[in-house]
Amino acid sequence: MRTWVAPGRVNIIGEHTDYNDGFVLPIALPLVTRCAAAGRTDGRVQASSRQRPGETVLVAITELAAQRDRVPAWARYPLGVVAEFVRRGHRVGGIELELDGAVPIGAGLSSSAALSCAVALALRDMFAPNLTDRDLIEIARAAENHYAGAPTGVLDHSAAVLCTAGHALFLDVRRMAYEQIPFDLTHFGLELLVIDTGQPHALVDGGYAARRDQCAGAAAALGIPALRDADTVAVERIADPLLRRRARHVVTENARVVTVAQMLREGADPRAIGPVLTASHTSLRDDFEVSTAALDAAVAAAHTAGAHGARMVGGGFGGSVIALTERERTSAVIDAVRERFARTGFGEPRTFAVVPAAGAHRVD
Ligand code: GLA
């Protein structure tokens, strides 16, 4: 067997902008999903997961669509990737997949994209070596959209495939053009802390899809292809107050991504991006309404303990917060969040510092 890995991600900034043809700025996490794979000659896919002992699935490739609702939810990601390769006309004679994921599930850190991208990379190397990174991103996304039933954009898969160690990925989703921008917090004595609230976030629930619909509705109200094309003046003309708020978040968030990318590109002290991160959180909380009490509490506690900026990451409705802290303040921030969570009756948060790691690749 050979082994491929793909990472989870945190988005430094640019939330709910990807499906509006906008900008994002993720880094890959040092936490990965491993996919060991070997070919089979019997036309079947076998998938097992170290995290789901006793739930091995074995499905004929010709039966993938028919069996979709009968396999456990986690298996729809790897099987969906195989189904997508087959749907695109690639010959897959059979495959055995052994999966092992270290990206926390439901934390808003893209464990699902890590899984689908690790499998997609394995299948590319084994069956379709001419596919481009962009094809891989589309395949992994289509697998999640059509087979796993999660209506995601391309942020997570782009991060998993394209990110490089030491860099943030500035991605223009409309053009699928990107730039690797050095992102070295250690050099400045800083740390990026992830605070997983422990409140699971799930994209297959309705809130995420509703936001997508509302953004499409706002773009239609403005007569433009996507909210990428709107500006702050146009947005205030939207008659429906809810659609106006949603559009305002997207337009201001795109501007914040461009601002942060420019600051980092110019080698600015990253402390300067702190207030922009916090502005993103406020916008996600008030205009986009995807935050939760626990996410807000984590952001507030991080600030109280001296973080330069903090915000929820990922789709929202649970999941994680990132906080930009002085290295020597990190433990004070962790203590403050723990104390606030204990006092408010939230569960114990999980915290860990991250540095920008490599995108998906083969390891042996
Ligand atoms: C989830 C989706 C992404 C993106 C983010 C919000 O992670 O999978 O495509 O829309 O939410 O930025």
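The values are calculated or read from the model by the stated rules, or taken from the named source; none is laboratory data. Fair warning: this is a prediction, and the values are worked out from it, not measured in the lab. Virtual Cβ from ideal backbone geometry, glycine too; neighbours counted across all protein chains shown. In case anyone asks, the SASA skips ligands and DNA or RNA and just uses the protein heavy atoms, side chains included. Shrake-Rupley method; radii C 1.70, N 1.55, O 1.52, S 1.80 Å.
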Percent carbon-and-sulfur accessible area, region 275-340, ignoring ligands, DNA and RNA, probe 1.4 Å: 53
Whole-Å distance, taken between Cα centres, linking region 349-364 and region 239-275: 25
Most fluctuating residue given options His308, His16, His157, as computed from a GNM of the chain linking Cα atoms under 10 Å: His308
Among Val290, Val233, Val321, residue whose mean-square fluctuation peaks in a GNM of the chain (springs only between Cα atoms under 10 Å): Val233
Cα gyration tensor category, rounded, prolate or oblate, for the chain with a/c compared to 1.5: prolate
Where labels lie 7 Å past Cα in the beta-carbon direction, separation of Asn145 and Arg362 in nm: 2.9
Probe 1.4 Å, accessible area per residue of the chain, Å²: 39
Accessible surface of region 5-94 [probe 1.4 Å, protein heavy atoms]: carbon and sulfur percent: 46
Residue of Ser320, Ser110, Ser49 that the Gaussian network model of the chain assigns the largest fluctuation, springs spanning Cα pairs under 10 Å: Ser49
Rounded if a/c under 1.5, otherwise prolate or oblate - region 120-206, Cα gyration tensor axes: oblate
Estimated inter-spin distance, Glu55 and Arg244, nm [label 7 Å along Cα→Cβ]: 4.5
Gain upon complete extension [Thr252, Arg265; 0.36 nm per residue less C-alpha separation]: 2.7 nm
Fully extended contour minus Cα-Cα distance, from Arg237 to Ala209, at 0.36 nm per residue: 7.7 nm
Region 144-223, accessible surface, carbon-and-sulfur percent (1.4 angstrom probe): 54
